[in-house]
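Undergrad: Structure incoming, see below.
Throughout, read-outs are computed from the coordinates displayed, never taken from laboratory work. These numbers come from a predicted model, not from an experiment. Here Cβ is always computed from backbone atoms with ideal geometry, including for glycine, and neighbour counts include all displayed protein chains.
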Number of protein chains: 2
Amino acid sequence: MSISKQANQQTRSFSLPIGIFDSGVGGLTLVKEVFLQLPNEKVVYFGDTARVPYGTKSKETVTHFATEIVRFLVQREVKLIIVACNTASAYALGELHKKFKRIPIIGVIEPGTKAALRATSSQRIGVIGTEGTIRSRAYERAFEKLNLRKSKSTLRVFSHPCPLFVPLVEEGWLNKKVTQEIAQEYLAPLKNEKIDVLLLGCTHYPLLKKVIQETIGEKVTIIDSASETVKEVKKLLGEKNLLRQSKLPPKHRFYVSDAPEKFQSLSKHFLGLDYKKVSPIHLKRL
Amino acid sequence: MSISKQANQQTRSFSLPIGIFDSGVGGLTLVKEVFLQLPNEKVVYFGDTARVPYGTKSKETVTHFATEIVRFLVQREVKLIIVACNTASAYALGELHKKFKRIPIIGVIEPGTKAALRATSSQRIGVIGTEGTIRSRAYERAFEKLNLRKSKSTLRVFSHPCPLFVPLVEEGWLNKKVTQEIAQEYLAPLKNEKIDVLLLGCTHYPLLKKVIQETIGEKVTIIDSASETVKEVKKLLGEKNLLRQSKLPPKHRFYVSDAPEKFQSLSKHFLGLDYKKVSPIHLKRL
């Protein structure tokens, strides 16, 4: 390739958008972090609202869905893809790396795990997530891998699925008495284990942070993997000279596989922002 | 067609299975009714566990899913199809009748509505269901149509969505304190309206019948559309001479689009029966 062609490609690459996908609207908590930490970047978001939730479905099915969506985002020429969904990160990331070798694909498991390891003093960490994420043991594996590198201390990880948290968020019951009671039921085993860090292993859970913090106790540090993931993405884009340079305000695109209106109203809820343009994508087009 | 060919086709038709489908496992409450009321009939069941739930999704998407599944059941040569899912009945039944003219397709809305009309004295009926079923106003339309035929009394229908009931059932929290509290929250508006009949417009809800009855009060008659629908199917098959005659015990087939093991364990829960054979069907094959 000639030098001018290479330079052209470089110019083109860093002006491309970041692709982000989730099973539904939950990943917008991560988009919000991109807007905060990388305000100059363009975002192409895909929410699989026709097949949400992923958390109760099998590894094969979630991997199949994730592969279709990554293909869709690659066609939209993104420079990097973030798998905002914890279940898809847990089940599909290895397969996605194998299938799409030419584009960096970042999941939310490792960044969250690293942050939890930095934050713990007692080496007793709790993880909550969907049934799929917890059953996959992806967080346990990540802790094992990252902790071995760091020290030989006796790290203990306690994980617990919280299947009703997502429907509670989608119902908008963020601070009701029943929400508190359900949180008490789910978090009691972790409280008994005297953890000092609790990792929120699902993009919906930051919306319940207040209830979760009150239930688990003020002394426990809550880690939200969305924020940690975007920190890593920022670092990576900087290292690869892929940060967007333009002074023009970035334009974003939002796609969903079902019910764009509902997505718009929930995005107000998640992002506090009002997006007029959410495009429906028929599943047949994936 | 010659008389012997006609006779052959007739023989063949009544020995064919009944097709039943639902967004997931909920429709098994209806299968249970078929086993009770039509113990000689063969059943082919399809649960769309890869894309469950339908209740939060749009009319277009639910109709697209339902069409794919009916095509699948028609290929399996069933003599009649029951749409066990209330949301699919509410959104897709009209379209299914247009697309598949040669096979009787029965939804759950009309049979439930008829039974509620028979049961009410005060003419004040409550309906609960998913967001999609309630938003579709399918029950209101059915009440209007059937009631006009019957009398000119001032029927009042009060409907309310209960989005957390399905996840509560899937979590197996059938009789917890929080389940009671959530039921109180959802049913309070209906209680204030002094209804005398409550129609359960979702196949999952019969599993919460105890809590619902305690909450709404013992004087309110609870109508479960699964049982009513099977009564109508039995009548229809009798009229059309399509009841299975064989003395051999019927064989059933269960298909799901995801996680057959989970379906098996939940089917124990719903049906109290243990099915060894649940076949996974990849979405690409629909």
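Undergrad: With each pseudo-label sitting 7 Å past Cα toward Cβ, what's the A:Gln37-B:Ala119 distance in nm, one decimal?
TA: Here the answer is 5.4 nm between the modelled labels.
Undergrad: Residue-wise, which Karplus ³J(HN,Hα) couplings in Hz belong to segment B:202-213, taking 6.51 cos²θ - 1.76 cosθ + 1.60, θ = phi - 60°, and x for glycine or proline?
TA: Those phi angles translate into 7, 5, 6, 5, x, 5, 9, 3, 4, 4, 5, 4 Hz.
Undergrad: Here is a further query. Non-local amide H neighbours of B:Leu174 (under 5 Å, H modeled in plane, Pro and chain starts lacking H): which ones?
TA: HN-HN under 5 Å from B:Leu174: empty list.
Undergrad: Using a 7 Å offset from Cα along the direction of the beta-carbon, what are the separations from B:Lys145 to the same position in each other copy, nm, ascending?
TA: Computed spacing set for this position: 5.5 nm.
Undergrad: Output, in nm with one decimal and in ascending order, the distances from the A:Lys191 label point to the matching label points of the other copies (7 Å from Cα along Cα-to-Cβ).
TA: Listed shortest first, these distances are 2.7 nm.
Undergrad: Note down the net charge around B:Val25, summing +1 for each Lys or Arg and -1 for each Asp or Glu among other residues with Cβ under 9 Å from its Cβ.
TA: -1
Undergrad: Given contacts defined as C-alpha pairs under 8 Å and at least six residues apart, what's the relative contact order of chain A, whole-number percent?
TA: The normalised contact order for chain A reaches 26 percent.
Undergrad: Pairs of Cα atoms under 8 Å, at least six residues apart: use those to get the relative contact order of segment B:110-225, whole percent.
TA: Over segment B:110-225, the number comes to 37 percent.
Undergrad: Right, something else. Given charges of +1 on the Cβ of Lys and Arg and -1 on the Cβ of Asp and Glu, with all other atoms neutral, how large is the dipole of segment A:29-89 about its Cα centre, in debye to the nearest 20?
TA: 40
Undergrad: Charges on Cβ only, +1 for Lys and Arg, -1 for Asp and Glu, centred on the Cα centroid of segment A:110-225; of A:Gly112, A:Ile212, A:Leu155, which one is farthest towards the dipole's positive end?
TA: It is A:Leu155.
Undergrad: Using only the Cα atoms, what convex hull volume per residue in Å³ does segment A:110-225 have?
TA: 85
Undergrad: If you don't mind, there's one more thing I want to ask. For segment A:71-87, just list the computed ³J(HN,Hα) in residue order, Karplus coefficients 6.51, -1.76 and 1.60, θ = phi - 60°, integers in Hz, with x standing in for Gly and Pro.
TA: 4, 4, 5, 4, 5, 8, 6, 9, 8, 6, 10, 10, 8, 6, 7, 5, 5
Undergrad: Using only the alpha carbon atoms of segment A:45-122, find the Kirkwood hydrodynamic radius as the inverse mean reciprocal pair distance, in angstroms to one decimal.
TA: Across segment A:45-122, the inverse of the average 1/r is 13.4 Å.
Undergrad: Amide H to amide H under 5 Å from B:Phe254: which residues, 5+ apart in sequence or cross-chain, H placed 1.01 Å off N in plane?
TA: B:Tyr45, B:Ser279
Undergrad: Determine which residues of segment B:239-264 fall in the zone a paramagnetic label at B:Ser279 would reach in this model, i.e. backbone nitrogen under 20 Å from the point 7 Å along Cα→Cβ.
TA: B:249-264
Undergrad: Going by C-beta contacts inside 10 Å, put A:Ser225, B:Ser257 in order with the fewest on the left.
TA: Starting with the residue having the fewest Cβ neighbours, the order is B:Ser257, A:Ser225.
Undergrad: Follow-up. Which distance in Å, rounded to a whole number, links the C-alpha centroids of segment A:214-286 and segment B:48-72?
TA: Answer, in whole Å: 27.
Undergrad: OK, next. Please list, ordered by chain and number, the residues whose modelled amide H lies under 5 Å from the amide H of A:Leu80; skip anything fewer than 5 residues away on the same chain.
TA: Residues meeting the amide H criterion: A:Gly19.
Undergrad: While we're looking at this one, here's another question. Please report the equivalent ellipsoid semi-axes of the protein assembly as shown, computed as sqrt(5 x eigenvalue) of the Cα gyration tensor, largest first, in whole Å.
TA: 45, 28, 23
Undergrad: If you stretched the chain out fully between B:Lys247 and B:Lys268, how much longer would it get, using 0.36 nm times the residue separation minus the C-alpha to C-alpha distance?
TA: 4.9 nm
Undergrad: HN-Hα J couplings of segment B:166-183 from phi, Karplus 6.51/-1.76/1.60, θ = phi - 60°, integer Hz, Gly and Pro as x?
TA: 5, x, 4, 5, 5, 7, x, 8, 7, 9, 7, 4, 5, 5, 4, 5, 5, 4
Undergrad: Moving on to the next point. Suppose only helical runs count, i.e. DSSP H with n ≥ 4. What mean residue ellipticity at 222 nm does that imply for chain A under -39500 (n - 2.57) per run, divided by all residues and rounded to the nearest 500 deg cm²/dmol?
TA: Calculated mean residue ellipticity at 222 nm is -15000 deg cm²/dmol.
Undergrad: Okay, moving on. Can you tell me the Rg and the Dmax, both Å, for the Cα atoms in chain A?
TA: Values for chain A (Cα only, Rg and Dmax): 18.9, 65 Å.
Undergrad: What is the gain in length, in nm to one decimal, between B:Lys101 and B:Lys235 on full extension, counting 0.36 nm per residue of separation less the C-alpha to C-alpha distance?
TA: My answer for the length gained is 46.2 nm.
Undergrad: Which shape class applies to segment A:74-175: rounded if a/c is under 1.5, otherwise prolate when a/b exceeds b/c and oblate if not, where a ≥ b ≥ c are the square roots of the Cα gyration tensor eigenvalues?
TA: Cα axes put segment A:74-175 in the oblate bin.
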